[in-house]
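Colleague: Below is a structure I'd like to ask you about.
The values are calculated or read from the model by the stated rules, or taken from the named source; none is laboratory data. Treat the numbers as computed from the prediction; the structure is a model and nothing was measured. Here the Cβ positions follow ideal geometry from the backbone for every residue, glycine too, while neighbour counts run over all protein chains shown. These area figures cover heavy atoms from the full protein model, side chains too; ligands, DNA and RNA do not enter into them. Shrake-Rupley method; radii C 1.70, N 1.55, O 1.52, S 1.80 Å.
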Amino acid sequence: MRKERRRELRDSWAQLTRGRSFVLACHQRPDGDALGSALALARVLRGQGKDVVVVCEDGVPDNYRFIPDSDTVLLSTNRRGFDVGVLVDCESVKRIGSAKDALLSSSITACIDHHLPNGEFGDIRIIDPEASATAELVFELFSANGIPIDRDLATQLMAGIVGDTGAFKFANTNARTFRIASRLAAAGARASDIAREIYESHSLPAMRLLGRALCSLTMHPSGRIVWAQVTKKDLDELDATDADTEGIVNLVRWVKGPDVAILFRETKPGSIRISLRSTDDFDVERIARVFGGGGHKAAAGCTIEGSLDSARELLIGEVLKWMESST
Ligand code: 5GP
Ligand code: MN
């Protein structure tokens, strides 16, 4: 780590830890990175005698319950007036639902995130879109401040890295990722156990839902876009939940050839959640942004109100427009 960055991280930590009460907010539909990063921060702050609540409107999905302290996550809080409010793994208070009021009631706010910057939230900002996971930034924050990493902390942070790199397979995996993962492994985190917990712990309805989604796979005539969908009817018939749709898009990406893989999810009638993945250099974040979403260059998401058919038409139209303008 460069000297200058180490100094910045020391300053940020000094500023943060001047507070006594903390609210840490994860984004809705949390993943291993949001939960692992927030819980790691909470663990260290609590170790220093701070009063910390971690709030995540949607709670902890079953496959992330192995993360140490995940049972401490609150769905909401009525408390206000925290000393510090931290937005973890996202940059927009729009993505934290009801936790927004608690966060905004804090005397100072902070944001720790690795998405492409999409705002200016936070008096203290630790933002680096080059990081594969927010957990990397949390690790660097701890490391710059001489905070020792025990096995639980290592597991929390490794959950973030394994989650956001698809178990070290996505294009965001780089030397820095492995350097940090190596330190976490040495501290006792078991990457293979974590990968199994996150990726290979499906319920039967979730597996059947995956099968049905794969049956819907369709290649756009251009050959550059492949998509699949999950309807509300699929969820109801298979007794599957919205959380069971997580990760399906990564299998849509397995189709060889297209530049963009898309999953359309009718999570409730009239509201279509969209996950975009690019397999090449195509930037899907700018597509998601057109519809009020965001994310990373190779993995982004948004929601379009309307029917599945109209959302699909709108979104694919936008992808084609960008493809045409960039060739
Ligand atoms: P996923 O497709 O797995 O839900 O999300 C892919 C990436 O895009 C994640 O990094 C996620 O945080 C981000 N993302 C998904 N949906 C949204 C959204 O509605 N708004 C923003 N800003 N980012 C999103
Ligand atoms: Mn993340």
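Colleague: May I ask which of 297/321; 233/256; 256/321; 169/256 have a Cα-Cα span longer than 26 Å here?
Modeller: Working: 297/321 17 Å; 233/256 29 Å; 256/321 22 Å; 169/256 16 Å.
Violating the 26 Å limit, Cα to Cα: 233/256.
Colleague: Points 7 angstrom from Cα along the Cβ direction at residue 190 and residue 79: gap in nanometres?
Modeller: Each label point is offset 7 Å from its Cα along the Cβ direction, giving 3.4 nm.
Colleague: Calculate for the chain the 222 nm mean residue ellipticity that helices alone would give, adding -39,500 (n - 2.57) per DSSP H run of length 4 or more and normalising by residue count, nearest 500 deg cm²/dmol. Before the final figure, lay out the partial values.
Modeller: Values: 12 runs with 130 residues, N = 327.
Result for the chain, helices only: -12000 deg cm²/dmol.
Colleague: For the chain, set up a Gaussian network in which alpha carbons nearer than 10 Å are linked by springs, and say which option among 206, 14, 144 fluctuates the most.
Modeller: 14
Colleague: Moving to a separate point now. To the nearest 10 square angstrom, what accessible area does residue 77 show with a 1.4 Å probe?
Modeller: 20 Å²
Colleague: Then there is this: Would you list which lysines come within 24 Å of residue 50, measuring only between C-alpha atoms, while excluding same-chain residues fewer than 8 positions from it?
Modeller: 100
Colleague: Separate question: Can you give the accessible area of residue 1, probe radius 1.4 Å, in Å² rounded to 10?
Modeller: Using a 1.4 Å probe on the heavy atoms, I get roughly 100 Å².
Colleague: Would you work out if the stretch 204-325 is rounded, prolate or oblate? Take a ≥ b ≥ c from the square roots of the eigenvalues of the alpha-carbon gyration tensor; rounded if a/c is under 1.5, else prolate when a/b is larger than b/c, oblate otherwise.
Modeller: Numbers: a/c = 1.82, a/b = 1.44, b/c = 1.26.
In terms of gyration-tensor shape, prolate.
Colleague: Further question: Ranked from the most accessible area to the least, with a 1.4 Å probe and all protein chains present, what is the order of 254, 322? Provide the component values of the computation, followed by the final result.
Modeller: Values: 254 175, 322 75 Å².
Ranked from most to least accessible, the order is 254, 322.
Colleague: Can you give the extra length, in nm with one decimal, that the chain gains between residue 3 and residue 207 once fully stretched, where that is 0.36 nm per residue apart less the Cα-Cα distance?
Modeller: Working: separation 204, 0.36 × 204 = 73.44 nm, distance 4.78 nm.
Stretched out fully, the residue 3 to residue 207 stretch lengthens by 68.7 nm.
Colleague: How much accessible surface does residue 100 have with a 1.4 Å probe, in Å² rounded to 10?
Modeller: Accessible area, nearest 10 Å²: 80 Å².
Colleague: Defining a contact as two alpha carbons under 8 Å apart and six or more residues distant in sequence, what relative contact order in percent does the stretch 240-327 show? Walk me through the intermediate numbers first.
Modeller: Numbers: 146 pairs, mean separation 19.1, N = 88.
It comes to 22 percent, rounded to a whole number.
Colleague: Also: If 199, 64 are ordered by their accessible area, calculated over protein heavy atoms with a 1.4 Å probe, which sequence runs from highest to lowest?
Modeller: Working: 199 75, 64 20 Å².
Greatest to least solvent exposure: 199, 64.
Colleague: Over all directions, average the projected area of the Cα convex hull of the stretch 1-111 and note it in nm². Mind showing how you got there, number by number?
Modeller: On the way: hull surface 27.6 nm².
If I average the Cα hull's projected area over directions, I get 6.9 nm².
Colleague: Now, a different point. At most 12 other C-beta atoms within 10 Å and a DSSP loop state: those are the exposed GluC sites (Glu not before Pro) I care about. Give me the longest piece of the chain that has none. Can you show the working numbers first?
Modeller: On the way: sites that count: 120, 130, 200.
In the chain, the maximal stretch lacking such sites is 201-327.
Colleague: Let me ask something additional. Can you tell which of 184, 276, 314 shows the greatest fluctuation in a Gaussian network model of the chain with Cα springs below 10 Å?
Modeller: So, out of 184, 276, 314, the one fluctuating most is 314.
Colleague: Rounded if a/c is under 1.5, else prolate if a/b is larger than b/c, else oblate: which is the chain, with a ≥ b ≥ c the root eigenvalues of its Cα gyration tensor?
Modeller: Values: a/c = 1.65, a/b = 1.61, b/c = 1.03.
Verdict is prolate for the chain.
Colleague: Assuming a ≥ b ≥ c are the square roots of the Cα gyration tensor eigenvalues, decide whether the stretch 49-131 counts as rounded (a/c under 1.5), prolate (otherwise, with a/b larger than b/c) or oblate.
Modeller: Working: a/c = 1.67, a/b = 1.15, b/c = 1.45.
It comes out oblate by the Cα gyration axes.
Colleague: How much area per residue is accessible in the stretch 35-186 when the probe is 1.4 Å and only protein heavy atoms are counted (Å²)?
Modeller: Values: 5920 Å² over 152 residues.
Normalised by residue count, the accessible surface of the stretch 35-186 is 39 Å².
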